[in-house]
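Novice: Structure incoming, see below.
The values are calculated or read from the model by the stated rules, or taken from the named source; none is laboratory data. Since the model is a prediction, treat every value here as computed from it, not as a measurement. When we count neighbours, we look across all protein chains shown, and the Cβ atoms used for this are built from the backbone with ideal geometry, even at glycine. Only protein heavy atoms, including side chains, enter the accessible area calculation; ligands, DNA and RNA are left aside. Shrake-Rupley method; radii C 1.70, N 1.55, O 1.52, S 1.80 Å.
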Amino acid sequence: MRIHCKFLSVLWKIGLAGCAFMGIALQIGLFRGEFHASSFRYFTNLSNLFCLLYFLIDSIYLLARRKNDGSQSWLPALKGAAMMGVTITCLVANFLLGSFTMGATMRIAIRLVHLVVPVMTVLDWLLFDKKGSFTWLSPLGWFIFPRVYFGAILLLAAVLPGTPFYPYPFMDVSSRGLVSVLVTVAVLTALFIALGYLFVLIDRLLAKAGKKASPAV
């Protein structure tokens with residue numbers, strides 16, 4: 001059963017956007033009066049920036065609606081893409097990348113962008129959204145963002161020789177070779193598209209359960 005209250009929905013979304021902002025700001029050095037633009041070569045920060053912008057706009061969209069219902073999201077296809085992006089961030093960070101030493105401030109930032117924002121994004125969909133808006137083609141659209149990101153990284157690395165532009169070890173063509181990188185990315189693509197279809201299946205099942213639970217008119 002979803003939560004219909006617009007106030008709670010907007011409050012959750014603003015909190016989510018705030019967590020994304022804090023995580024990104026800590027990593028780019030904003031609170032130290034710095035700006036490390038190179039931090040945006042990481043998919044983690046781009047996916048969190050996507051969520052930050054989307055949920056701010058979604059909050060404004062809900063507040064502008066007269067209905068006291070927080071379940072009608074702004075552009076559900078974009079929301080699906082944002083959810084897919086941060087879910088990829090969470091899974092890759094926790095299961096593919098190794099741990100590394102960092103200071104207390106960076107640990108907070110990493111927890112925010114790798115765990116808090118992804119979990120809050122998925123929960124936002126589960127708790128507040130009207131189910132049944134996803135289609136079986138939706139996951140293919142959601143994955144455009146990661147595909148464009150991967151292509152852009154390879155292109156920039158190729159045109160900027162001598163620059164260590166690869167943000168993640170499994171994408172490093174210079175050390176692993178192009179074939180190995182492409183195979184890894186192909187496997188990840190298949191896994192994450194399958195995850196997208198799991199989201200669609202859950203969406204369909206929850207929509208069906210909601211119809212059964214609704215009283216007949």
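Novice: Check S138, S174 and return the single one that is farther than 26 Å from G23 by Cα and at pLDDT below 90.
Specialist: So the residue among S138, S174 that is farther than 26 Å from G23 by Cα and at pLDDT below 90 is S174.
Novice: Right, next: Could you list, in sequence order, all residues of the range 136-149 that are more than 14 Å from the chain's Cα centre (by Cα), surrounded by 15 or more Cβ atoms within 10 Å (Cβ to Cβ) and not in a helix (DSSP H, G or I)?
Specialist: Correct list: empty.
Novice: Looking at D69, D124, which one is in a helix (DSSP H, G or I) and charged (D, E, K, R)?
Specialist: Only one candidate passes the filter, namely D124.
Novice: Has the range 57-77 got at least one residue that is within 24 Å of Y168 (Cα to Cα), polar (S, T, N, Q) and touching a helix residue (DSSP H, G or I) at 6+ places or on another chain (Cβ under 6 Å)?
Specialist: Checked against the condition, which is being within 24 Å of Y168 (Cα to Cα), polar (S, T, N, Q) and touching a helix residue (DSSP H, G or I) at 6+ places or on another chain (Cβ under 6 Å), the range 57-77 yields no hits at all.
Novice: Report, ordered by the first and then the second residue, all pairs with beta carbons closer than 9 Å, sequence separation of six or more or different chains, a first member in the range 22-34 that is closer than 12 Å to I110 by Cβ and in a helix (DSSP H, G or I), and a second member that is among the charged types (D, E, K, R) and open to solvent by 10 Å² or more (accessible area, probe 1.4 Å).
Specialist: Taking only residues 6 or more apart or on different chains, the pairs are G23/R111.
Novice: Now a separate question. Would you check if there is a residue in the range 80-95 being touching a residue at least 24 places away in the same chain (Cβ under 8 Å), under 20 Å from F143 (Cβ atoms) and either acidic (D, E) or in contact with a Lys or Arg (Cβ under 6 Å, 6 or more places away or on another chain) (or both)?
Specialist: Taking every residue of the range 80-95 in turn, none turns out to be touching a residue at least 24 places away in the same chain (Cβ under 8 Å), under 20 Å from F143 (Cβ atoms) and either acidic (D, E) or in contact with a Lys or Arg (Cβ under 6 Å, 6 or more places away or on another chain) (or both).
Novice: Collect the residues in the range 6-54 that are of a type in the set (V, I, T) and either under 21 Å from M102 (Cβ atoms) or under 13 Å from the mean Cα position of the chain (by Cα) (or both), keeping them in residue-number order.
Specialist: Across the range 6-54, the qualifying residues are I24, I28, T44.
Novice: Still on this structure, I have one more. Search the range 38-66 for residues being among the charged types (D, E, K, R) and assigned to a helix (DSSP H, G or I), and hand back the single one that is surrounded by the fewest Cβ atoms within 10 Å (Cβ to Cβ).
Specialist: Checking each candidate, the answer is R41.
Novice: I'd like to verify a number: residues in the range 1-21 that are touching a residue at least 60 places away in the same chain (Cβ under 8 Å) and either closer than 21 Å to C90 by Cβ or assigned to a helix (DSSP H, G or I) (or both), how many?
Specialist: 11
Novice: Do we find that L127 is out of contact with any Lys or Arg (no Cβ under 8 Å at 6 or more places or on another chain), at pLDDT 90 or above and surrounded by 11 or more Cβ atoms within 10 Å (Cβ to Cβ) in this structure?
Specialist: no
Novice: Here's something else I'd like to know. Pull out all pairs, ordered by first then second residue, where Cβ-Cβ is under 7 Å, the residues are six or more apart or on different chains, the first lies in the range 189-203 and is within 13 Å of T87 (Cα to Cα) and open to solvent by 30 Å² or more (accessible area, probe 1.4 Å), and the second is of a type in the set (S, T, N, Q) and assigned to a helix (DSSP H, G or I).
Specialist: Correct list of pairs: L195/T87.
Novice: Now a separate question. Condition test on F165, is it open to solvent by less than 80 Å² (accessible area, probe 1.4 Å), in a loop (DSSP other than H, G, I, E, B) and hydrophobic (A, V, I, L, M, F, W, C)?
Specialist: yes
Novice: Of the conditions (1) in contact (Cβ under 8 Å) with a residue 60 or more places away in the chain; (2) in a loop (DSSP other than H, G, I, E, B); (3) not β-branched (V, I, T), F170 satisfies every one except a single condition; which number is it?
Specialist: Here F170 meets the rest and fails (2).
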